[in-house]
Amino acid sequence: MTLAEAAARADALAAEGNERELADLRRQWDDELEAEARNTDYRQRAVAYRAIGQFRFRQKMELLRRGLEDESPACRGSALVSLELLSRDAPGGINAARPLLHRLVSADSNQAVRRLAVVCLRNGSPSRDTIVLLNGLADDDEADRDLRDVSRKVAAALKKKSDTRH
């Protein structure tokens, strides 16, 4: 079984709520996942960063942060997909990575990575600086249309979340 196959199995186990088998699979693949995240081949690193989310490996947040700073857009994108998945029920990962996410949203050279970073921010706590950043992107005629659209939607969702807290 490859890491990608094991990660797909882990994702299915998590969806079923089978925590015991998921924990066993995590233990079995822990070292290999770490090794693949350090592989010189960006494709292997991308699989590893994606697998962190599929395994629901919250203990690998530091490794995931390294993926967000990887030179490869595929690796950054895979790390963002995992971060989004891990943050759906708890904003801590997003809040901890907020400055890095803001940098990706503002300045990454890859449009897909920028959009994924915006989507991740949706799962964080509603922060004024994030809402301002996203509204600025939504109003930027120079920005990619899809990026403007997703920024507008996420900014509105965060504003609404912020309003309901007050």
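The values are calculated or read from the model by the stated rules, or taken from the named source; none is laboratory data. Source: prediction; values computed, not measured. Cβ coordinates were reconstructed from backbone atoms using ideal geometry, including for glycine residues, and neighbour counts include every protein chain displayed.
Data for the structure
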read-out	value
Members of the stretch 86-106 found to be in a helix (DSSP H, G or I) and over 23 Å from LEU137 (Cβ atoms), listed by number	LEU86, GLY92
Test: residue in the stretch 52-61 that is more than 28 Å from VAL154 (Cβ to Cβ), of a type in the set (Val, Ile, Thr) and not assigned by TED's automatic domain parsing to the domain that holds ARG114	no
Qualifying residue in the stretch 122-135 (condition: buried (at least 19 other Cβ atoms within 10 Å of the Cβ), in contact with a His (Cβ under 8 Å, 6 or more places away or on another chain), hydrophobic (A, V, I, L, M, F, W, C) and at pLDDT 95 or above)	yes
Matching entry among ARG114, ARG88, ARG122, ARG98 (being under 15 Å from VAL154 (Cα atoms) and in contact with an Asp or Glu (Cβ under 7 Å, 6 or more places away or on another chain))	ARG114
Leading residue by the ranking (surrounded by the fewest Cβ atoms within 10 Å (Cβ to Cβ)) among those in the stretch 73-87 that are closer than 11 Å to LEU104 by Cα and within 8 Å of the chain's Cα centre (by Cα)	GLY77
ALA96 vs. criteria touching a helix residue (DSSP H, G or I) at 6+ places or on another chain (Cβ under 8 Å), surrounded by fewer than 21 Cβ atoms within 10 Å (Cβ to Cβ) and not assigned by TED's automatic domain parsing to the domain that holds ALA6	yes
Residues located in the stretch 131-147, provided they are part of a loop (DSSP other than H, G, I, E, B) and either within 16 Å of ARG103 (Cα to Cα) or not acidic (Asp, Glu) (or both)	ALA143
Neighbours by Cβ (under 6 Å, 6+ apart or cross-chain): first from the stretch 116-141, without any contact (Cβ under 8 Å) to a residue 60 or more places away in the chain; second buried (at least 21 other Cβ atoms within 10 Å of the Cβ) and among the polar types (S, T, N, Q)	VAL118/SER151; LEU121/THR130; ASN123/SER87; LEU134/SER151; LEU137/SER151; ALA138/SER151
Residue in the stretch 56-71 that is of a type outside the set (A, V, I, L, M) and within 21 Å of MET1 (Cα to Cα) present	yes
Residue check for ARG27: part of a helix (DSSP H, G or I) and within 21 Å of LEU116 (Cβ to Cβ)	no
